Amino acid sequence: MHRLSSVEEFLSFQKQITDSPRTTKPTLVVSAGTCGQASGASGIIRIIKRFLIEHNLQEQISLRITGCQGFCEMEPFILVEPGKHFYTKIEMKDVPRVIEATLSGKVVEDLLYRESEHHTSHINQDDIPFFKKQKRIILGKNDLIDPIRIFDYIKHGGYLALAKALMTGNPEWIIEEIQRSGLRGRGGAGFPTGKKWELARAAKNGKGQKYIICNADEGDPGAYMDRSLLEGNPHAVLEGLIIGGIAIGATKGYIYARGEYPLAIKHALIAIRQAREMGILGENLLNSDIDFDIEIVRGAGAFVCGEETALIASIEGKIGEPKQRPPFPVEKGLWGRPTCINNVETLSNVPVIISKGADQYSKVGVPGNSGTKIFSLVGKIKNTGLVEVPMGTTIREIIYDIGGGSVGNAPIKAVQTGGPSGGCIPAEKFDLAIDYDTLAEAGSIMGSGGMIVMDENSCMVDIAKYYMNFLKDESCGKCYTCRKGTQRMFEILEDISQGKGTLEQLDLLEELAHVVADTTMCGLGQNASNPVLSTLRYFREEYIEHVIDKHCRAGVCKDLVGAPCQAACPIGTEAWRYVAHIAEGEYEKAYLAIRETNPFPSICSRVCDHKCEERCRLGQTGTDPVAIRALKRFVTDNVDPAIYKPERTGEKKSDKVAIIGAGPAGLTAAHNLSLKGYPVTVFETDSKPGGMMFSCIPAYRLPREVLEKEIDSILDENITMQFNTVLGKDITIDKLFKDGYKSVFVGIGAQKERRLKLEGEESEGVYPSIEFLKAYNVNGEQLAKGRVGVIGGGNSALDAARTALRQDEVESVNLLYRRTREEMPAFDEEIEAAFEEKIVVETLVTPVRIITENGRVRGIECIRNKLGNLDNSGRRRPVPIPGSEFIVPVDTLIVAISEQPDTDSISPEGEPELSLTEWGTLEVDKNTSSCSRPGVFAGGDVVTGPNTVIDAIAAGRKAAVMIDRYLRGEELWQQGQAYLPKVYVEPYSSDSADSEVSQRVEPEQVTREQRLGSFKEVEMTLSEKSAKCEAIRCLRCDLEFTQPKTEKTEKVIVRTPEVVEQ
Amino acid sequence: MISFELNGLQVQVEEGSTLLEAAKFFGFPIPTLCHMDGLEPYGACRLCVVEIGEGSKAKLVTSCTYRAEEGLKVRTSSERVVKARKMIIELLLASTPQSKVIQDLAAEHHVMQQRFRQEHEDCILCGLCVRMCKEQMVAGAIGFRGRGENRSIGTPFDMKSEQCRLCGGCMYVCPVCTLRCTFNDPDRAVCGGCANLAAPCVEEEKFHDLMCYMSPCVACEIVEYEKEKQTKIEG
């Protein structure tokens, strides 16, 4: 390489490179940073090279290997220039197709990036939302440069800033420019870089010798922007370091890089050698009379060495522990000389500022926080990767617009910024504009820019514990409060996560956290409490749940959760147990395991919303969860319920209990109280028991004979049914007590339909969905005629639509919903079925006017919506598009937007007998289910609003326990306890060598033709073979708790289905 | 001379004085475990924290390492300082309850309970012994090793150091293990107060990681002594 001897020579050389005719041949760009290589980029590169050589295509196509380009989720990818076609998750076999298409100027449609299978693919990289919303001033260079080629860097404006700085010949000018740009240290603390340089320049100590250090000791879990910069564009860091060195008058620079970053170190070493050879670095660089050289120091991986005084100690060869500041390193640093320490990203910004000018630079961002910041977006997010956004961008934009939102079904609940010393910011604060000051106010820190996204499946106590574990290992140990304090905080957090915590410990934790933050020397200790304090600040109720209720809502804390399926079930059904019995072929035992907790197993096996499957660990490890509900259906359909003999506890008692409402909550309460020996009377408005299960759930989902049989099986001599009795008319709560009932349970459900509040809603042919469903299910009346419109997207809307479709005089059914299909609250399988049954689903429409003729509905005018801004739940608000109104002609309109409890009945004389919440539901004590009047308990939809059958059963069970305690005169509230698996069921073993785990089985459904006009049950039972295959897939999370620990068996359990069904 | 405000009092000290020295000179007691005249200030125990600055800028710093600055406002026993100090003592008490020095400290500061899980450690890593060995004895036989919860003091590779001259200085300065530093004769103890406590090395299962850098270790002699005493009593 030719050594350049002056700035002028460099400039002419630079001009020569940039002016050289640009090749028109297409280029394949492969990102091969550490992340890319880990995903297989090296293999892709090898195949591309081989293909090009084999087919002699070197002259027609070129290849560029770059560092990380940021979109790590999609790696390995190939970017084809000049068209910027972005082929993601490339496999080796795809390479020839991409090259051939590129040569012929085509695109490979199916390999292009698309957001999801519902979306179309993007042809140009710039149209991809992930890139579109970013401002990639620093990172963008990574796409253009091969990090080991200095010419690439120079070609794209590299070292021009240095040339400019040298030509000015005035270090003060550099410092002033940096100060005017408003650049703040990107390492985390946000100290103004210009100010730091000014102090370092002014420092007199040390006989003129000064140092500048680039801090590349990036130790935060989940943050890797410094690595990517050093790997992808090392010359930019060098240039920043040289300019900084000139500015403060240093002659030696150090790059303190993590030893775990071998590729970054390699690229930096190559860059240093190249720069030296070209005369850009070293003695008398570019003949400017300035000496400046750079040395790389490898850190040994101590997190604390990212702290500047510890870093200096580490370079000096001492143990890496911080020193008291003042004196600050700018006065007395490395070897006692003035030393300036800047972060990799800060230094990468310097050339941009110098070459573009401070004014231009500071236009980006917000006042006081100019420029862009790179964040590494990781965790439960769709688009993992590095994102560069202007300061002042909101968290919401980063997470939803760029990051694409949550990766699974669970909504995002918080984001952790700033690494281990940072804090958690809850979803309701996502409108915060990110800069150093607002983040600190919110109890977190910017840190180096790690952003770990957490969803509802992340436990905040566990997060705090994780970070505290990291910090107790990584504290240098010098300050007693940091070393011992982090250990003690971890100890308390561990107690809490194991269910051994107390409220006193929680207070102690908070007290200790404040003292640790207050009394430690360096940034590590001062911020070590952030994970605890910020989670306590925003998620205290989760801590309380762990301490008091012994419950971990995220299903993470092992000692509280046990088997996730069991913990997820509101009634604690041992799903793992019956699944294990099915695998063994012990169906009766399986039935008993289900029936023990659930009085309505056959009903739940059809209509349960299977929370257990959502939490199934199999489902969280990349495959589909075990089909627990279908297995339950298999058992209940094949076992005679008579094998279950309920266990009656206690002798017959005389205290009478009144249950109002014969829905799932009321019946469960009645059943459980009856087992305890109480005489129970159930009052029901309708003529049959079952409540919503009977009146609203259509027969094609829940056949009537199943329902009736199941309800009949729980009624016994202790239970008296009194039908056609209306609360508020025939009975009042007061009257029940006068009649000698000692306790009352209110389970009247939520049966009052919310109204659209449009004119004409009273006209003929407009029905609330409950009225419509009840008319058919209870009385057999077919209200729907002709063209039917259904408004809503929940389960009752789908039920109404599918029921209407089956009625005799119906021509067509239109479902109108205001958001998109993905956001419909109804069960997925219901929506699928509706599509199959040819129900027309119109999404993103809102009804605005009901058109009537002679008092009967004739049509509905709707307006189309577009997606607007994100709301707190991360969903986009539907915003009406003016002028997009259209009319849907209908003869029947069914409104199913939401239901609420009919609380008129509990206030017969105007004054409610029980107090209500502002949402019109009954007010009950969360812990005891008791209402405002002593002796009255409530549960089910009347408390929660429209909810599922299983939650109602859970409420009934709990009420029965509470009523029993109340009648015995016991304390109602008792400390919660964790229900861990107790029964050991031998794991299924097979001698078959084939260890391939089969796919989740889905129950078969009757064909569309058979469904129309008939209320035949749609979903069918699993066959014995497929049930067994499915049960064997279970990971058996329970074994950790139940397996006998006496002998260490080395037996390998092979989970293989004996027969794989075709 | 530097003048600054100490607990509301306008005081003057020589340039380079630490806040701890100043406070001591003007009669404001500040507890400390890791400070000793003649040894370089280290700032490990954090007991000597004082509050400086005002309003939102107020913060705690260790007085042993912080040098007096012109116009500084220092409070040596503000509410914040006392709260922090008490918590530190509570932490000490939870880990090294057998130390007479720490017991006295707790009594002096009215720390009547400790709410953590009880531990029995034999070192608070104050570093007095390390500095004693290096600065006063010019030996440098022992030093810190590891970080975080694995930090400990010892000789390289736990081998007997050739630099060690068996001076016993490390034991002399130790605030935690006074008894085992006094040979097997309680009458010659540096502080007799703890003589009625069991020697940490006797309860070996609690103090498995004995930190005696002397060779031969005197711990076993204490054990012998205790056994002798026991047989005498039984006999």
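Read-outs throughout are calculated quantities, based only on the coordinates presented, and are distinct from any laboratory measurement. Please read these numbers as outputs of a predicted model, since none were measured by experiment. Cβ: placed from backbone, ideal geometry, glycine included. Neighbour counts: every protein chain shown.
Structure notes:
- Angle in degrees between helix A:262-277 and the longest Cα principal axis of chain A, rounded to the nearest 10: 20 degrees
- Dividing the summed helix terms, -39500 (n - 2.57) for each DSSP H run of n ≥ 4, by the number of residues in chain A produces a 222 nm estimate of -10500 deg cm²/dmol to the nearest 500.
- Kirkwood Rh in Å, taken over all unlike Cα pairs in the protein assembly as shown: 36.1 Å
- Seen against the Cα atoms of chain A and their longest principal axis, helix A:795-805 is set at about 60 degrees.
- Compared with the dominant principal axis of the Cα atoms in chain A, helix A:234-248 is inclined by about 60°.
- Under the convention that each Lys and Arg Cβ holds +1 and each Asp and Glu Cβ holds -1, the size of the dipole of region A:152-363 around its Cα centre is about 340 debye.
- Dipole in debye (nearest 20) - region A:609-721, about Cα centre, beta carbon charges: Lys, Arg +1; Asp, Glu -1: 260 debye
- Taking each of A:332/B:100; A:500/A:653; B:59/B:134; A:164/A:252; A:652/A:709; A:332/A:465 in turn, the alpha-carbon distance tops 29 angstrom for A:332/B:100; A:500/A:653; B:59/B:134; A:332/A:465.
- Peptide-level mean, for A:512-524, of C-beta atoms on other protein chains within 10 Å: 5
- Proximal charge balance of residue A:669 [Cβ under 12 Å; K/R count +1, D/E count -1]: +2
- Across A:141/A:356; A:611/A:926; A:926/A:958; A:757/A:866; A:318/B:160; A:656/A:926, pairs whose alpha-carbon gap is larger than 19 Å: A:611/A:926; A:757/A:866; A:318/B:160; A:656/A:926
- Inter-chain Cβ neighbour average for residues B:113-122, partner chain, 10 Å: 3
- The GluC sites (Glu not before Pro) of region A:50-155 that meet both conditions, a loop assignment by DSSP and at most 13 other Cβ atoms within 10 Å of the site Cβ, are A:59, A:91, A:117.
- Too-long pairs where the Cα-Cα distance tops 31 Å, listed order kept, from A:132/A:838; A:155/A:363; A:207/B:73: A:132/A:838; A:207/B:73
- Average partner coverage of B:81-91, which counts Cβ from other chains inside 10 Å: 5
- Where chymotrypsin sites (Phe, Trp or Tyr not before Pro) fall in DSSP loop in region A:885-944, at most 16 other Cβ within 10 Å: A:919
- The trypsin sites (Lys or Arg not before Pro) found in region A:171-262 that occupy coil by DSSP, while having at most 16 further C-beta atoms within 10 Å, are A:204, A:207.
- The ranking of A:335, A:576 from fewest to most other beta carbons within 10 Å of each one's beta carbon is A:335, A:576.
- Around residue A:68: net Lys/Arg minus Asp/Glu count, Cβ-Cβ under 15 Å: -4
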